[in-house]
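The values are calculated or read from the model by the stated rules, or taken from the named source; none is laboratory data. Source: prediction; values computed, not measured. Every residue, glycine among them, receives a Cβ derived from its backbone with ideal geometry; neighbour counts consider all protein chains shown. Surface areas here come from the heavy atoms of the whole protein model, side chains and all, with no ligands, DNA or RNA. Shrake-Rupley method; radii C 1.70, N 1.55, O 1.52, S 1.80 Å.
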Amino acid sequence: MNFRTIEEFDIARKRVVIRVDLNVPIRDEVILNTARVKAIIPTIEYCLRQHAEVVLLSHLGRPKGTCDPKFTLQPVAKELERFLNHPVEFVEDWRTWLRRSADSEHVLDSRVQLVENIRFEPGEESNSNVLGEELASLGDLYVMEAFGTLHRAHASTYKAVQAARQVGIGFLLAQELRMLSLAMVSPQRPLVVVIGGSKVSSKLKVVQHLLTQADTILIGGGMANTFLLAMKHTIGTSLVEIEFLEEVSEMLSSGRIKVPHDVMVCDGSLDEHGKSIHRLVDEVKAQEMIVDIGPDTARCYTKLIKQAGTVIWNGPMGVFEYDQFGEGTRVVGKAIGESAAFTLAGGGETIAAIDHNDLSQQLDYISTGGGAFLEFIQGATLPGISALRAHACNNDRCRN
């Protein structure tokens, strides 16, 4: 998808509007994970070197079209200043700001402004034409840099792209699309996919699609329980989604899905005081809950990962937040990090597991997308990508 990157435009002393993804975890005005902040810095710094004026648009949380102070982006403006080592102006009332700037054609050299949470606008999530046109009119160039939002047809990710005269993509989005294409479109073989997490329902379409692409799929986490039950194994009190047993059984018939043959269980509290007990999958007792893959399964998965040419990782192998239930995730994550394969990871829980085990420097690429990452690897057409493609084709830039 050869969209025009920001480097292909003359932005010197022009106003550049960039839709970024600064939907970051915040507690007491402290950002708990700065990965998404750091990821957009190269695009902003490029604009500053070109003496452009930068207007950043983002959402935070789900305020549902109302001004909710707990979802303000003001703490993020301060964090951006720290990473950029450059002033960041926080724009609370962007319409007033737009009227003022419309009175003057003068663009302020190397200025950075962060607009308040765009989801405070009722028209954002409803994909309002009016709001999209307003956002598109904020600058000379509209740049999409928010991969994590492209699975939503919202005003700032869809209608604004349609309405803007000139549209480009930033360095981060270009890298996301390049890396995901390396893994999904032209992977080095064997392609091994590691899928975990709590529920089959949230990953069903992903696994079904990946069965057409992957050589091997390694299943872990709570979703493995439904696979085990479909194979007539005992799972005790473990989380299971009985309504998906038929689909799971059909997927297992492919022969390319590997499930745990031993597990770690807990028969008490699922917290820091809980005890982890090793069981073969046929030995799980009625009162026990499966909380992790077992050591033999982890070794088996490690061997397959070492033989891979490409590894895609989405979802932990167990309740990694507690060390006694997190060994499977640690061992599998370490194997992915040490693999000679091209390694790609994505998803909120996956990134948390990577951070928990200090693996971020060992993987080739960690996607900033959550839902967008999942939808991309399941072969879905992302609305934001569709809008970018349509704009490119309408402007004689359809180079796919």
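General observations
- Positive minus negative residues near Val281 (Lys, Arg vs Asp, Glu; Cβ under 15 Å): -2
- Phi angles of segment 185-200 translate, via the Karplus equation with coefficients 6.51, -1.76, 1.60 and θ = phi - 60°, into HN-Hα couplings of 8, 9, x, 6, 9, x, 8, 10, 10, 9, 10, x, x, 7, 10, 5 Hz per residue; Gly and Pro are given as x.
- Residue-count net charge about Pro42 - beta-carbon cut-off 12 Å; Lys, Arg +1, Asp, Glu -1: -1
- Net charge, Ser238 excluded, C-beta distance under 15 Å - Lys, Arg +1, Asp, Glu -1: -3
- 13 Å reach of a label modelled at Thr96, 7 Å along Cα-to-Cβ, counting backbone N of segment 125-144: none
- In this structure, the pairs whose alpha-carbon distance is over 18 Å, taken from Lys38/Lys64; Lys232/Lys285; Lys258/Lys303; Lys203/Lys232; Lys205/Lys303; Lys159/Lys203, are Lys38/Lys64; Lys203/Lys232; Lys205/Lys303; Lys159/Lys203.
- Amide H partners (placed H, <5 Å) of Ile257, local residues excluded: Ile217
- For segment 4-42, the set of GluC sites (Glu not before Pro) satisfying both a DSSP loop assignment and a count of at most 13 other C-beta atoms within 10 Å is given as Glu29.
- Mean accessible surface per residue for the chain, computed with a 1.4 Å probe while every protein chain stays in place, in Å²: 44
- All lysines inside 18 Å of Lys70 as judged from Cα atoms, apart from same-chain residues fewer than 8 positions distant: Lys78
- Gained length - Lys38 relative to Thr5, 0.36 nm times residue gap less alpha-carbon distance: 10.0 nm
- Share of carbon and sulfur in the accessible area of segment 281-400 stands at 47%, probe radius 1.4 Å.
- Dipole of segment 1-141 computed with +1 at Lys/Arg Cβ and -1 at Asp/Glu Cβ about the Cα centre; of Leu22, Val112, Pro122, farthest Cα towards the positive end is Leu22.
- Modelled this way, with points 7 Å down the Cα-to-C-beta line, the labels at Ser249 and Ser126 are 4.6 nm from one another.
- In order along segment 323-329, the phi-based Karplus estimate (6.51 cos²θ - 1.76 cosθ + 1.60, θ = phi - 60°) of 3J(HN,Hα) comes to 4, 6, 10, x, 5, x, 5 Hz; Gly and Pro are listed as x.
- Selection from Tyr301, Ser360, Ala341, by position along the positive dipole direction of segment 261-362 (Cβ): Ala341
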